[in-house]
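Below: the structure, in structure tokens.
The values are calculated or read from the model by the stated rules, or taken from the named source; none is laboratory data. For clarity, every value in this text was computed on a predicted model and none was experimentally measured. Backbone-built Cβ (ideal geometry, glycine too); neighbour counts: all protein chains shown. The area values use the complete protein model at the heavy-atom level, side chains included, leaving out ligands, DNA and RNA. Shrake-Rupley method; radii C 1.70, N 1.55, O 1.52, S 1.80 Å.
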Amino acid sequence: MIYSENTPQQFHGEQPQETDVLIIGGGIIGVCTAYYLAKKGVSVTLCEKGRVAGEQSSRNWGWIRQQGRDEPEIPLSIEARRLWEELSEETGEDLGYSATGVYYLAAKHEDLENFEKFVELGRKYDLDTCMISRAQVHEDIKGKEGRWIGGMHTASDGRAEPGQATLGIAKAAERLGAVICENNAVRTLVKSGGEVVGAVTEQGEIKAGQVMLAGGAWSSLFAANAGIKLPQLSVELTVAATQAVPDVLPANASDNTFAMRRRQDGGYTLALKNNQTHHIGLDSFKFLKEWLPNMAENLKGTSIKPWSPKNYPDHWMQKRRWTGADITPFEAMRVLNSKPDQKELGALTEALVDRFPQLKGTKLQSAWGGLIDAMPDFLPVIDRAPNQNNLHIVTGFSGHGFGIGPSIGRFMADVLSGKSAGHDLSSFAFNRF
């Protein structure tokens, strides 16, 4: 299910006057952190401007993968895979999780060479990732004969239904005592003696010992109003879901231009790889220095548009400064319900039939767009804000966040309750930029 501001509100938490931890943002990262904090008995309040899972956490591909990660993310993904299995049992919610594996498919020998490099890297972490032959690919996947010459496979990887899973974990967090407030934007931070001590929301002021910003594509705008330069930009992607069709691929798979995942409803989620749009705004110029070194590689396949739709985070006319007494941009756009690119929808069905001719005539059941929060090196920020001991910024997951959401939530629950994360998070430091 893809949410919009018209989706019925499901969480009606009454904002307390005080909380140990305040979380800004009801996506997978915020929700998992709230769950693990509540599990520890820590008082936690999560404020979401619109709907839990309303934006990218219900719009992503639904992949839970260790395969193909940048090395700093591999330990996070290993822990997350374990936690997805655990959450599926202990929450009592249907998260749509299953360990059906992930395939990366090669159309040329250069692809195989790149896969072999990751397989070698994976051995350092005891991953079950392995190379597979052309014959094995076509034994496992009922695609066009000769379309792929081999591939890489991680059997322990899996999938979940994005919005359903995020919502399920949020419900479990609420049962454990977390307060979840939808339709309640956090407007500004409250400081005393130079330290963050709470925030002003639509429902009034709330005192908090620790605050975590996990606002996805909105994080940079919120941070800027707080005087923090966070060089995050956004790219927009199109995704679609087919009607129920015969099972030609029980797992997740992608080649160098196309990705698909089997869904619980019997259809497939489809996406074109490296096909995204960046809407130029003020931040595009403001953060040019940080993005320039890796721009050619990280924005490959990105089309540029000079004007973003009204009320997008970096819209040219977007309000950039406000106080706790003002109506904020977060209230003007409760749920950023990005529209799919119509040209890409035709390309998606063509790509599907090219690889699986037996699915000719398959109809798209639904389609949507998503705005992905991205950092210049396509790794997230998971760190305290500069000179702000009580403010933590967890954002910029660059389309990788859903699968590792549970591990980030568990690590952050430890940090926010005054313990060590138990993991080296130095690669995700704020000051690397």
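Screening residue 55 on (1) charged (D, E, K, R); (2) surrounded by fewer than 24 Cβ atoms within 10 Å (Cβ to Cβ); (3) more than 20 Å from residue 407 (Cβ to Cβ) shows it passes everything except condition (2). Taken over segment 399-433, the residue count meeting the criterion of being under 16 Å from residue 37 (Cβ atoms) and in a helix (DSSP H, G or I) is 12.
The lone criterion from (1) surrounded by fewer than 21 Cβ atoms within 10 Å (Cβ to Cβ); (2) more than 20 Å from residue 253 (Cβ to Cβ) left unmet by residue 108 is number (2).
Conditions (1) under 24 Å from residue 58 (Cβ atoms); (2) at pLDDT 95 or above, marked per residue:
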| position | (1), (2) |
| --- | --- |
| 373 | yes, yes |
| 381 | yes, yes |
| 387 | no, no |
| 390 | no, yes |
| 394 | yes, yes |
| 403 | yes, yes |
| 407 | yes, yes |
| 411 | yes, yes |
| 417 | no, yes |
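How many of the residues making up segment 347-393 are open to solvent by 30 Å² or more (accessible area, probe 1.4 Å) and not in a helix (DSSP H, G or I)? Steps first, answer last, please.
Taking segment 347-393 as the starting set, the residues that turn out to be open to solvent by 30 Å² or more (accessible area, probe 1.4 Å) are 347, 349-350, 353-354, 357-358, 360-361, 363-367, 377-378, 383-384, 386-387, 389-390.
Then drop every residue that is not not in a helix (DSSP H, G or I), which leaves 360-361, 363-367, 377-378, 383-384, 386-387, 389-390.
Of the residues in that region, 15 qualify.
Among the residues that make up segment 319-331, is at least one of them in contact with a strand residue (DSSP E or B) (Cβ under 7 Å, 6 or more places away or on another chain), of a type in the set (Ser, Thr, Tyr), within 30 Å of residue 201 (Cβ to Cβ) and surrounded by 14 or more Cβ atoms within 10 Å (Cβ to Cβ)? Yes: segment 319-331 contains one or more residues that are in contact with a strand residue (DSSP E or B) (Cβ under 7 Å, 6 or more places away or on another chain), of a type in the set (Ser, Thr, Tyr), within 30 Å of residue 201 (Cβ to Cβ) and surrounded by 14 or more Cβ atoms within 10 Å (Cβ to Cβ). Whether a residue is among the hydroxyl-bearing types (Ser, Thr, Tyr), under 29 Å from residue 222 (Cβ atoms) and within 21 Å of the chain's Cα centre (by Cα) was assessed, and residue 366 does not pass this test.
With a cut-off of at least 3 residues that are modelled with pLDDT of 95 or more, name the helices (runs of 4 or more DSSP H) lying wholly within segment 256-346.
Values: elements: 282-286, 288-291, 295-298, 329-332.
Of the helices (runs of 4 or more DSSP H) lying wholly inside segment 256-346, those with at least 3 residues that are modelled with pLDDT of 95 or more span 282-286, 329-332.
Hey, does segment 164-179 have a residue that's under 23 Å from residue 385 (Cα atoms) and within 21 Å of the chain's Cα centre (by Cα)? Steps first, please.
Pass one, segment 164-179, residues under 23 Å from residue 385 (Cα atoms): none.
So far as segment 164-179 goes, no, none of its residues is under 23 Å from residue 385 (Cα atoms) and within 21 Å of the chain's Cα centre (by Cα).
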